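Take a look at the structure below.
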Amino acid sequence: LTGVLDDCLCDIESIDDFNTFKIFPKIQKLQERDYFRYYKVNLKRPCPFWADDGHCSIKDCHVEPCPESKIPVGIKAGSSNKYSKAANNSKELEDCEQANKLGAVNSTLSNQSKEAFIDWARYDDSQDHFCELDDERSPDAQYVDLLLNPERYTGYKGPSAWRVWNSIYEENCFKPRSVYRPLNPLAPSRGGDDGESFYTWLEGLCLEKRVFYKLISGLHASINLHLCANYLLEETWGKPRWGPNVKEFTRRFDPAETKGEGPRRLKNLYFLYLIELRALSKVAPYFERAVVDLYTGNGHEDAESKALLLDIFRDTKSFHMHFDEKSMFAGDKKGAKSLKEEFRLHFKNISRIMDCVGCDKCRLWGKLQTQGLGTALKILFSEKEIQSLPENSPSKGFQLTRQEIVALVNAFGRLSTSIKELQNFKVLLQKTR
């Protein structure tokens, strides 16, 4: 995979180098910080589009919450003893952490974390543009430690998974039903259509609608890459071994296996990376203000987290081949406004489809990455508001909640990881030839 990407003046090799040497090591560190590792999510929201066809029956897809009797009293009581070692090291907490198996969502939290979330909530001022956000006050919303619940292959597949992706592509990507998009080779075939008629049609679309399709395709490619790179290779004596699965990668991306479609998907991954990279460079002024604090209650850690985030922003600004979002929605004002609203509503619909994913771990990461992209789009379309923010008072025209900030950083972290994993697969493929 080489050369210049469509719809922008950037080449793949430049992104590979920039990501490997500048972004990837720093974004990995940032994701380990307390502020960014906990994400509040409601995994019990019903699917709004079709009758629930049952959750993934594989045991490892399920959430494994701690039984009420196992939760330390200090957590249930909201003890003010934030830094209690006894509470953090209790046997009950260790039992709960055993729930961290193949797709189980581990929802155990220390007293310190529970207390911090109450404080963090006071810093949030909700405002939603592109995503259907979970109601954080819902009793079903829970904090999840993303480090204890890595995105990886859970075995969730088949009709339920295909229905979700099919709904996203067929009903939300600005396309008539008569035009078939090329399908993943793992899906049922639609005869001899090799997808070229689809791409002829796609190239005839306006830039905005082309971009929309590429963003969704890039997100799909990125998720598939994560599953191939973190695959259950074997489980002996109850000890799973995870790692890259070259055969699975080939099935999903090799030109011969995908009727030439695989490389297009990977190019869309790079395109999505550029869009989110651009959003990070644009939102920097919001975080550079002294009034914005990545607040967890630990002053020293908060200062380090903000310094690392600002360092990443400096790197994003130094990249010299950004996507130019000004080329979007640039026609007559009335038509541009109407198209932008259509774009926003289509994306919002996709964020709602994530509540139809049957595997809890897949739902968690699907919701997070969709919200991260939605936040990036919100940033790109709010440039004037960001530039006119007051230096020493809370924002009025533009605001990000903690949830949006966590989703933005982790979603971009996932794309950075995807591009890094792609380099690993290139090496592994050369070894097998």
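The values are calculated or read from the model by the stated rules, or taken from the named source; none is laboratory data. Keep in mind the model is a prediction, meaning the values are calculated, not measured. Calculation scope for accessible area: heavy atoms of the full protein, side chains included, ligands and nucleic acids excluded. Shrake-Rupley method; radii C 1.70, N 1.55, O 1.52, S 1.80 Å.
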Report task. Could you list which residues have their amide H under 5 Å from that of residue 144, counting only those 5 or more apart in sequence or on another chain, with H placed in the peptide plane? Result -> 39, 40, 41
Query raised in the report: residue 200 accessible area, nearest 10 Å², 1.4 Å probe?
Result: 100 Å²
Report summary line: Sorted by chain and number, the residues with a modelled amide H under 5 Å from that of residue 242, at a separation of 5 or more or across chains, are 233
**Report entry** segment 143-173 versus segment 207-274: alpha-carbon centroid distance in Å
**Finding:** 13 Å
